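What follows is one structure encoded as structure tokens, with my remarks underneath.
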Amino acid sequence: MNKALGLIETRGLTTAVTALDAASKAADITLIGVEKVIGVDKAVGVTINIAGEVAAVKAAVEAGVIAGNRVGTVISSHVIPRPHEEVDRLIEKFSKNLKKKEEKKVKVEEKEDLDSKD
């Protein structure tokens, strides 16, 4: 893989969204996953997982960390350039999980629309 995996772990959803917004604006990256964990730094921890070309992911993570720290706390960040093929499998799993969540959300919204019309 000539791509990279970038991780930004934050305390709170607002910080994560701000970091992702800045990261997405800074470089051509793709959101491949979001993980929420209760108990990180005695709060809700949110880790965003992004992928793209190595230089793009490095720039995106750097921009995301700076923006996230303006509104909250970034606990940690890391870029793994050209990850091993085992990590590629993890990236694929993140992507599939995110797609499943999006599909489920669309189905719920469609059902709510149909229920509201009745």
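The values are calculated or read from the model by the stated rules, or taken from the named source; none is laboratory data. Keep in mind the model is a prediction, meaning the values are calculated, not measured. FYI the Cβ positions are ideal-geometry reconstructions off the backbone, even for glycines, and counts take in every protein chain you see.
Observations on the model:
- Check on residue 57, β-branched (Val, Ile, Thr), under 16 Å from the mean Cα position of the chain (by Cα) and not in a strand (DSSP E or B): yes
- Some residue of the range 68-88 being of a type outside the set (D, E, K, R), in a helix (DSSP H, G or I), at pLDDT 75 or above and under 15 Å from the mean Cα position of the chain (by Cα): yes
- Residue check, residue 38 closer than 15 Å to residue 4 by Cβ and either in contact (Cβ under 8 Å) with a residue 24 or more places away in the chain or among the β-branched types (Val, Ile, Thr) (or both): no
- In the range 1-44, the residues that are at pLDDT 90 or above, surrounded by fewer than 22 Cβ atoms within 10 Å (Cβ to Cβ), not in a strand (DSSP E or B) and not charged (D, E, K, R): 12, 13, 14, 17, 18, 22, 24, 26, 27
- Checklist (1) at pLDDT below 95; (2) farther than 13 Å from residue 6 by Cβ applied to residue 51, failing item: (2)
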